[in-house]
1. Exactly one of (1) surrounded by fewer than 24 Cβ atoms within 10 Å (Cβ to Cβ); (2) polar (S, T, N, Q); (3) within 23 Å of the chain's Cα centre (by Cα) is unmet by N100. Its number?
2. How many residues does segment 331-342 contain that are within 15 Å of the ligand (Cβ to nearest atom) and of a type outside the set (S, T, N, Q)?
3. For segment 65-93: of the residues being of a type in the set (G, A, S) and touching a helix residue (DSSP H, G or I) at 6+ places or on another chain (Cβ under 7 Å), which is surrounded by the fewest Cβ atoms within 10 Å (Cβ to Cβ)?
4. Just to be sure, is G273 touching a Ser or Thr at 6+ places or on another chain (Cβ under 7 Å), surrounded by 17 or more Cβ atoms within 10 Å (Cβ to Cβ) and more than 16 Å from K331 (Cβ to Cβ)?
5. Looking at S247, S228, which is the one that is surrounded by 24 or more Cβ atoms within 10 Å (Cβ to Cβ), closer than 20 Å to E90 by Cβ and either touching a helix residue (DSSP H, G or I) at 6+ places or on another chain (Cβ under 9 Å) or of a type in the set (S, T, Y) (or both)?
6. Has segment 123-143 got any residue that is surrounded by fewer than 24 Cβ atoms within 10 Å (Cβ to Cβ), farther than 21 Å from E364 by Cα and of a type in the set (G, A, S)?
7. Cβ-Cβ under 9 Å, sequence separation 6+ or interchain: first residue in segment 90-105 and among the β-branched types (V, I, T), partner near the ligand (Cβ under 10 Å from one of its atoms). Which pairs?
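The values are calculated or read from the model by the stated rules, or taken from the named source; none is laboratory data. Just so you know, these numbers come straight off a predicted model, no measurement behind them. A quick note on method: Cβ atoms are made from the backbone with ideal geometry, for glycine too, and the neighbour counts reach across all protein chains shown.
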Amino acid sequence: MKKSKLIIDKHDKNFFYGGKFGGNFIPETLKKPIDDLTVLFEKLRNNRNFIEQRDYYFKNYIGSPTPFIYLRNLSKFIGGAKIYAKVVSEANGGAHKIYNATVHCLIAKKSGKKYIVGDTGAGYAGKMLSMAAKKFGLKCKIFMGAKDIKRQKPNVKAMRENGAEIIPVTTGSQTLVDAVSECMRYWVSNCDSTAMCVGSTVGPNIFIKICAWSTSQISRELILQIKSEFGKIPKKLKLINCVGGGSSALGFWNEFINYDKNQIELIGVEAGGPRNSKLHAAPLTNNSKIGILHGAKQYVIQDKEGQIGKTESISAGLDYPGISPIHCYLKDIKRARYTAISDEDALEAFKLVSSLEKISPSLEPSHAFAEAIKIAPKLKKDNILIVNSCGDSLKDKDIIKKRLGHYSR
Ligand SMILES: Cc1ncc(COP(=O)(O)O)c(C=O)c1O
């Protein structure tokens, strides 16, 4: 069977993207479980029955394909380029994290594991893993920073209703970075009985691969939808996606990566943090140095001693000091452009999009919409901007209410 073409395969040089980013910086005890998972995944991704099973659940459980729509009112209001959205928030559970969670549960079943653990920041990765675990009969534990538990209540409630045990993480910044660390620590001692799902394209190489392979479904759908809408791939196209760990962007871009960058520009939008603060969660935009985080080499926010630096963002899903090694590579080779949007501009974008259109993006994709709103007026009408609306605002209703005085979809 023909192997799916993925950025992860094209640039994986012995676990390092461009020979420089990624790797497997893992404790000795994880070597065997990671090797076993690598062998199993390589086998499964080339197995016709497994692909059929994946496609069955993507269609009948997740609800693929998700809609691709023209944002007529927003485009008219802003002027310039036409703005479209790939509404991934219409996927079961409300975000792209369901693709990775479903695939991890399918793999866990194949390996005979009865338990699965995962990390979460915005709560979507945790909610989706709890949903998929329930569907496939696995017992589920989710590690979540105590700060995020307070700010993402609707997703916390959903995880509990799905029967997952939530382990509050009270170390460090009590956000995603600490949740991933604690989850990995737990897995070191429990890997015989338990599978681990890393919630983004971060961590040791195999987790980056599984996650990007899963979310690439988004661009497989999108390329067909674009051809159907325009009759061909437009000459001036920009694909705009928020980046935390980077999984939705890699899924959104995968099929387009080999196009000329003058035809298809890939724009990654990081969290710029509060407008008048030095704190942010934007390692690429701010030229952070290379460090090792969660088993992989990447650009990472750090202090002079190489200790992981403090981050700040209104959006729990983007509030992470590192970034997928694949994005580091795409930045280095200048295939993608990275920029940052402040908390305030993301809120404004949320307000505008949800008042003019029938979609209501969460604070993560609101960063991407803010960038689209910023650049559209400077571009001519024949430019097409597509934003990945990869999450629904419902999970952010408390934060939005507090900041804007009210919440309406
Ligand atoms: C809706 C949404 N978008 C984006 C992200 C950022 O993660 P990633 O960059 O892996 O897509 C998250 C993370 O939780 C999220 O929930």
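1. Single failed check for N100: (1).
2. Narrowing segment 331-342 to residues within 15 Å of the ligand (Cβ to nearest atom): 331, 336, 338-341.
Now narrow it down to the ones that are of a type outside the set (S, T, N, Q): 331, 336, 338, 340-341.
Qualifying residue count, segment 331-342: 5.
3. The residue in question is G79.
4. Working: touching a Ser or Thr at 6+ places or on another chain (Cβ under 7 Å): yes; surrounded by 17 or more Cβ atoms within 10 Å (Cβ to Cβ): yes; more than 16 Å from K331 (Cβ to Cβ): yes.
It is true that G273 is touching a Ser or Thr at 6+ places or on another chain (Cβ under 7 Å), surrounded by 17 or more Cβ atoms within 10 Å (Cβ to Cβ) and more than 16 Å from K331 (Cβ to Cβ).
5. S247
6. If we filter segment 123-143 for residues that are surrounded by fewer than 24 Cβ atoms within 10 Å (Cβ to Cβ), which is where we start, we get 134-139, 141.
Then drop every residue that is not farther than 21 Å from E364 by Cα, which leaves 134-139, 141.
Subset that is of a type in the set (G, A, S): 137.
Yes, some residue in segment 123-143 is surrounded by fewer than 24 Cβ atoms within 10 Å (Cβ to Cβ), farther than 21 Å from E364 by Cα and of a type in the set (G, A, S).
7. I98/Y124; I98/K127; I98/M128; T102/M128; V103/C211
Listed here are the residues, each with its yes/no results for (1) within 29 Å of H280 (Cα to Cα); (2) within 11 Å of the ligand (Cβ to nearest atom); (3) not hydrophobic (A, V, I, L, M, F, W, C).
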| site | (1), (2), (3) |
| --- | --- |
| Q174 | yes, no, yes |
| R185 | yes, no, yes |
| Q225 | no, no, yes |
| K232 | no, no, yes |
| L237 | yes, no, no |
